[in-house]
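Student: Mind looking over this structure? Questions follow.
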Amino acid sequence: MGIEVNFEGKIALVTGASSGLGARFAKVLAQAGAQVVLASRRSERLKELRAEIEAEGGAAHVVNLDVTDYASIKSAIAHAETEAGPIDILVNNSGVSTTQRLVDVTPEDYNFIMDTNLRGAFFVAQETAKRMIARAKGDPTKAHRIINIASVAGLRVLPQIGVYCMSKAGVVQMTKAMAVEWGKYGINTNAICPGYISTEINEEYFATEQGQKLVAMLPRKRPGKPEDLDGLLLLLAGEDANFINGAIISADDGMTAT
């Protein structure tokens with residue numbers, strides 16, 4: 001007995017793929033055999049990532065996507081399926097944040113976070129699910145996967161990022177609602193809630209005095225690495241997750257256990 005990871009013939013769309021966790025998710029799925037559709041606003045970065053994936057023997061496509069623009073969402077997903085084929089796996093990863101007290105949040109700040117993290121994530125999943133549902137009606141055995149990237153900030157309040165916490169809490173509830181409504185169509189919708197993960201976006205911060213103080217407060221006094229999420233991603237994207245639907249899974253080194 002054992003778990004085999006082979007996504008040959010699968011099409012995976014990864015949003016926010018131009019850097020950080022999104023880029024890592026795309027590489028991992030490509031290494032497992034999936035054709036990966038890379039989506040974000042930074043097309044040049046996506047082209048560089050596509051070249052990396054292809055150099056390692058994988059297959060990747062690039063689509064321009066602004067998740068705050070509904071027309072862009074519809075266009076990007078249509079383009080993705082034209083270029084690569086019907087989407088089997090969605091990794092709904094786009095996200096932004098600001099650091100400020102709640103009393104300092106402006107309407108522009110609020111919209112910036114909510115439009116990407118919650119509204120954008122919802123409509124990307126909705127547009128993808130519409131196509132998955134249509135295919136499921138023709139083939140009831142068809143299995144699809146939606147993986148929403150939430151955060152431990154959606155499970156507990158963290159200082160100075162209150163609106164981000166609110167947005168990710170919304171993603172948690174959104175995931176459960178999608179699981180309940182779309183499960184009958186063979187769509188398994190789950191969420192990963194990463195803890196503090198060191199990426200190119202924040203690694204300089206973790207090296208600062210303030211960042212080191214934060215690290216010292218973590219259960220095992222270390223931030224995670226993008227590769228620490230590989231196993232969970234592959235599990236939720238694969239056939240072995242057939243009975244996992246509506247799960248909100250923390251990958252935080254014990255942070256939410258304290």
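Student: Of the residues that sit in segment 59-114 and are open to solvent by less than 50 Å² (accessible area, probe 1.4 Å) and of a type in the set (D, E, K, R), which one is nearest to Lys47 (Cα to Cα)?
Tutor: Applying the filter and picking the extreme gives Asp66.
Student: Turning to a different aspect of this structure: Considering segment 217-240 alone, what residues qualify as being at pLDDT below 95 and either in contact with a Cys (Cβ under 6 Å, 6 or more places away or on another chain) or more than 17 Å from Ile197 (Cβ to Cβ) (or both)?
Tutor: Scanning segment 217-240 gives Glu239, Asp240.
Student: Next question. All but one of (1) open to solvent by 30 Å² or more (accessible area, probe 1.4 Å); (2) at pLDDT below 95; (3) polar (S, T, N, Q) hold for Ser250; state the number of the condition that does not hold.
Tutor: It is condition (2) that Ser250 fails.
Quick grid of which residues meet (1) of a type in the set (S, T, N, Q); (2) closer than 24 Å to Tyr70 by Cβ; (3) in contact (Cβ under 8 Å) with a residue 40 or more places away in the chain:
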{"site": "Glu108", "(1), (2), (3)": "no, yes, no"}
{"site": "Asp115", "(1), (2), (3)": "no, yes, yes"}
{"site": "Thr128", "(1), (2), (3)": "yes, yes, yes"}
{"site": "Lys142", "(1), (2), (3)": "no, no, yes"}
{"site": "Ile146", "(1), (2), (3)": "no, yes, yes"}
{"site": "Gly162", "(1), (2), (3)": "no, no, yes"}
{"site": "Ser167", "(1), (2), (3)": "yes, yes, yes"}
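Student: Something else about it: Which of the following residues is open to solvent by less than 20 Å² (accessible area, probe 1.4 Å) and not in a helix (DSSP H, G or I): Ala179, Ala191? Let's see the steps before the verdict.
Tutor: On the way: Ala179 fails: not in a helix (DSSP H, G or I).
So the residue among Ala179, Ala191 that is open to solvent by less than 20 Å² (accessible area, probe 1.4 Å) and not in a helix (DSSP H, G or I) is Ala191.
Student: Return a yes/no flag: does segment 201-217 have any residue that is open to solvent by 80 Å² or more (accessible area, probe 1.4 Å), hydrophobic (A, V, I, L, M, F, W, C) and assigned to a loop (DSSP other than H, G, I, E, B).
Tutor: Filtering segment 201-217 down to residues open to solvent by 80 Å² or more (accessible area, probe 1.4 Å) leaves 201, 203-205, 209-210, 212-213, 217.
Add one more test, that the residue is hydrophobic (A, V, I, L, M, F, W, C), and what stays is 201, 217.
Now restrict to residues that are assigned to a loop (DSSP other than H, G, I, E, B): 201.
Yes, some residue in segment 201-217 is open to solvent by 80 Å² or more (accessible area, probe 1.4 Å), hydrophobic (A, V, I, L, M, F, W, C) and assigned to a loop (DSSP other than H, G, I, E, B).
Student: Another question about this same structure. Kindly check whether there is at least one residue in segment 116-125 that is open to solvent by less than 70 Å² (accessible area, probe 1.4 Å) and assigned to a strand (DSSP E or B). Quick ask: steps written out before the conclusion?
Tutor: First, the residues of segment 116-125 that are open to solvent by less than 70 Å² (accessible area, probe 1.4 Å): 116-118, 120-121, 123-125.
Imposing the further condition that a residue be assigned to a strand (DSSP E or B) reduces the set to none.
Looking through segment 116-125, none of the residues is open to solvent by less than 70 Å² (accessible area, probe 1.4 Å) and assigned to a strand (DSSP E or B).
Residues checked against (1) under 25 Å from Pro107 (Cβ atoms); (2) touching a residue at least 40 places away in the same chain (Cβ under 8 Å); (3) touching a Gly at 6+ places or on another chain (Cβ under 9 Å); (4) among the β-branched types (Val, Ile, Thr):
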{"site": "Val152", "(1), (2), (3), (4)": "no, yes, yes, yes"}
{"site": "Ala179", "(1), (2), (3), (4)": "no, yes, yes, no"}
{"site": "Thr189", "(1), (2), (3), (4)": "no, yes, yes, yes"}
{"site": "Ala207", "(1), (2), (3), (4)": "no, no, no, no"}
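Student: Among (1) part of a loop (DSSP other than H, G, I, E, B); (2) under 16 Å from the mean Cα position of the chain (by Cα); (3) modelled with pLDDT of 95 or more, there is one condition Leu90 misses while meeting the rest; what is its number?
Tutor: Among (1) part of a loop (DSSP other than H, G, I, E, B); (2) under 16 Å from the mean Cα position of the chain (by Cα); (3) modelled with pLDDT of 95 or more, the lone unmet condition for Leu90 is (1).
Student: I'd like the full set of residues that are open to solvent by less than 20 Å² (accessible area, probe 1.4 Å), over 24 Å from Asp252 (Cα atoms) and not β-branched (Val, Ile, Thr), limited to segment 126-176.
Tutor: Those that are open to solvent by less than 20 Å² (accessible area, probe 1.4 Å), over 24 Å from Asp252 (Cα atoms) and not β-branched (Val, Ile, Thr): Glu127, Ala129, Met132, Ala136, His144.
The values are calculated or read from the model by the stated rules, or taken from the named source; none is laboratory data. The structure presented is a predicted model; accordingly, all values stated were derived computationally and were not measured. Every residue, glycine among them, receives a Cβ derived from its backbone with ideal geometry; neighbour counts consider all protein chains shown. Side chains are part of the model used for accessible areas, which takes the heavy atoms of the whole protein and leaves out ligands, DNA and RNA. Shrake-Rupley method; radii C 1.70, N 1.55, O 1.52, S 1.80 Å.
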